[in-house]
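Novice: The following block contains the structure, expressed as structure tokens.
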Amino acid sequence: MAQIDELNKIGIKEKMKTFIVNNFLLGANADDLSDNDSFLEKGIIDSTGILELVSFAQEEFDIKIEDAELVPDNLDSLNNLEAFITKKKQG
Amino acid sequence: MRIYDFLRNSARNYPDRIAVVCREQRLTYRRLDWLSDLVAEGLIAKGVKKGDRVGLFLDNSCEYISAYFGILKAGAVVVGLNSQYVARELEVLLNDCSPKIIITDSKHSAAAGEALKSCCYPAQLWIMDNALTAEDDVIQRAGLLESDPCADDDLAVIIYTSGTTGKPKGVMLSHSNISANADSIIEYLQLTPQDRIMVILPFYYSYGMSLLTTHIKVGAAMVIDNRFLYPNTVLESMVKEEVTGFAGVPSHYNILIKKSALREFILPKLRYVTQAGGAMAVAMIKEFREILPDVKFYVMYGQTEAAARLSYLDPLYLPEKIGSVGKAIPGVKLDVLDENNLPVDVGEIGEIAARGENIMLGYWKAPEETARVLRDQWLFTGDLARKDEDGFIYIVSRKKEMIKSGANRISPLEIEDVVCQMAEVVECAAVGVPDEILGEMIRLYVVLNGKKITEREIMIHCRNNLAGYKQPKEIRFVDGLPKTSTGKICRLSLSGTNN
């Protein structure tokens, strides 16, 4: 069971990373984005970008993200996204 | 009054009062005054002389404010550089205003250094990462500072705005331009030393700079928070820091209303909010007022060429005159003129023109552009409007063909010039199309020469050559572009097109 959870988590991070690289880091090397990089500090995503990111996560992982949940602790790095989405999926 | 005296006076009157809060950093007026003295001495020691330009390539921060006043205290001219710019964009500005020094930080130094490599003249980079330890970075106090190096009419600040030709124009503002506008804003917003403004607008734009100058002049506090990407975080900061004021453009209010938990926050200290930077939908103003009915909502209008502000709508009249940008601010004469420069009749459309001590000296090294807008002692704004029977102004059309996305005015020509550098592109047209959050988003129509190129390749090219807010959100390939009878691209018809 623990192994399956781990595989799911890797899937979340990879899918989110692919989305970010394809949509916001056009042309850049995916290795340029590390798991702990702050999207805010690195200037990777703008105000509308974060909304696109949220829409993608909602559709891709079938979760509902509330307005009050749009905070850096949940969204501002690949690691934060992974932990947040995992928690949401666990309900 | 000279701008550096705003800080000196407040430091004398309120030395221990907080001037700036930026996350964990807090600067008192005494400390800010001292830090800016150090920056001024550092600049003089590096060879900066009166009238020299000094670029500021930083995000909003304690360092920005220390450097802003330091540059002015050295008698030099502040050139606020858009901190989102890539090297190519920066190079254009640096070649135009030839600053002697560029003050930046580690985050931005690579772009600044790359831009300088291609510049036509040498400039020094001063990397300033932490104002609180700035004494380690500069030569110790050496008595180099003159107490009053400038006259009221001396050039103090250059702010670049997007020109309709695609080339940014440097708006030259004197000490008295900025001082007059600050006095006026302080008066109508009734700012006092007890005020605390939430600053999310960049200081390199005139709206943001007016927050800086007015609050320092009155001895109030600025709470800087660059995290509006996460609006709830900014709202939490507003509660924690007990801010009394907030300033934003329509997209900020759209995000607060539609994409934040604004309704769940209690903001008992919030006294007023201001909105400028383009028309905000009446429905959104009403919705915001329903959420925060006790907060005064100031609709304002202005231009960088006017040191920021030209008119405001007194919140008392908001229900009755909603949709209007109000009347002239104190000290400004504002009128709606016809083609003979005569005031139009009630209800008729004309061009907004302004007079006052706040009107710019002109555009930097662009006398022809200056002569086009400064005529017969009026600033001609290019904005079309009508007046009602009570003298309230209603804007009907903003400057033509500029895209207004979020807080930014964007020249379509600049985007088109960049995309047309691609060998496969015959021609293209950038237009603003309505966007629920940003007001307008950029759509690019592209005509190819028959060779294959993908949307992604164009996006990558834009990303390498344009700041993020100038990059198209949507690309459409077309066989041809609609043209006027004189052969110019007819953007108006494209912006109304969905196909």
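The values are calculated or read from the model by the stated rules, or taken from the named source; none is laboratory data. Model, not experiment: these values are computed from the prediction. Here Cβ is always computed from backbone atoms with ideal geometry, including for glycine, and neighbour counts include all displayed protein chains. Areas reflect the complete protein model, heavy atoms only, side chains present, ligands, DNA and RNA absent. Shrake-Rupley method; radii C 1.70, N 1.55, O 1.52, S 1.80 Å.
Yes or no, residue by residue, for (1) closer than 21 Å to B:SER311 by Cα; (2) open to solvent by 60 Å² or more (accessible area, probe 1.4 Å); (3) in a helix (DSSP H, G or I):
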| site | (1), (2), (3) |
| --- | --- |
| B:ASP417 | no, yes, yes |
| B:GLN421 | no, yes, no |
| B:GLU427 | no, no, no |
| B:VAL431 | no, no, no |
| B:PRO434 | no, yes, no |
| B:GLU440 | no, no, no |
| B:TYR469 | no, no, yes |
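Novice: State which residue is modelled with the highest pLDDT when the search covers only the stretch B:181-202 and only residues that are open to solvent by 10 Å² or more (accessible area, probe 1.4 Å) and touching a Gly at 6+ places or on another chain (Cβ under 6 Å).
Specialist: Among those residues, the one meeting the criterion is B:PRO193.
Novice: Follow-up question, since we're still on this one. Which members of the stretch B:77-99 meet the condition of being under 12 Å from B:GLY51 (Cα atoms) and in contact with a Pro (Cβ under 9 Å, 6 or more places away or on another chain)?
Specialist: Hits for the stretch B:77-99 are B:VAL77, B:VAL79.
Novice: Next question, about the same structure. Restricting attention to the stretch B:252-269, does a residue exist that is open to solvent by 20 Å² or more (accessible area, probe 1.4 Å) and of a type in the set (Gly, Ala, Ser)?
Specialist: No, that holds for no residue.
Novice: Counting just the residues of the stretch B:442-462 that are in contact with a strand residue (DSSP E or B) (Cβ under 8 Å, 6 or more places away or on another chain) and assigned to a loop (DSSP other than H, G, I, E, B), which one comes out nearest to the other protein chains (Cβ to nearest Cβ)?
Specialist: That would be B:ILE453.
Novice: Could you say whether any residue in the stretch B:371-390 is in contact with a helix residue (DSSP H, G or I) (Cβ under 7 Å, 6 or more places away or on another chain), open to solvent by 50 Å² or more (accessible area, probe 1.4 Å) and either modelled with pLDDT under 90 or within 23 Å of B:ALA308 (Cβ to Cβ) (or both)?
Specialist: Taking every residue of the stretch B:371-390 in turn, none turns out to be in contact with a helix residue (DSSP H, G or I) (Cβ under 7 Å, 6 or more places away or on another chain), open to solvent by 50 Å² or more (accessible area, probe 1.4 Å) and either modelled with pLDDT under 90 or within 23 Å of B:ALA308 (Cβ to Cβ) (or both).
Novice: Among the residues of the stretch B:325-351, count how many are surrounded by 19 or more Cβ atoms within 10 Å (Cβ to Cβ) and among the aliphatic types (A, V, I, L, M).
Specialist: The total comes to 6.
Novice: Of all residues in the stretch A:34-64 being in a loop (DSSP other than H, G, I, E, B) and within 14 Å of A:LYS88 (Cα to Cα), which is farthest from the other protein chains (Cβ to nearest Cβ)? Spell out the reasoning first.
Specialist: Of all residues in the stretch A:34-64, those in a loop (DSSP other than H, G, I, E, B) come to A:34-46, A:62-64.
From what is left, the residues that are within 14 Å of A:LYS88 (Cα to Cα) are A:62-64.
On the way: A:ASP62: 21, A:ILE63: 17, A:LYS64: 14 Å.
For the stretch A:34-64, the residue satisfying everything is A:ASP62.
Novice: In the stretch B:139-167, what count of residues is obtained for those that are open to solvent by less than 20 Å² (accessible area, probe 1.4 Å) and at pLDDT below 85?
Specialist: Here the count works out to 2.
Novice: Provide a single number: the residues in the stretch B:294-304 that are within 16 Å of the chain's Cα centre (by Cα) and open to solvent by 10 Å² or more (accessible area, probe 1.4 Å). Walk me through how you get there before you give the answer.
Specialist: Initially, the stretch B:294-304 is screened for residues within 16 Å of the chain's Cα centre (by Cα), giving B:300-304.
Filter again for open to solvent by 10 Å² or more (accessible area, probe 1.4 Å), leaving B:300, B:302-304.
Selection size over the stretch B:294-304: 4.
Novice: Quick check on the stretch A:65-79: of everything there that is free of Cβ contacts under 8 Å to residues at least 24 places away in the same chain and over 14 Å from B:ARG227 (Cβ atoms), which residue is farthest from the other protein chains (Cβ to nearest Cβ)?
Specialist: Result: A:ILE65.
Novice: Regarding B:ILE322, is this residue open to solvent by less than 60 Å² (accessible area, probe 1.4 Å) and under 28 Å from B:TYR85 (Cβ atoms)?
Specialist: No; evaluated as a whole, the condition is false for this residue.
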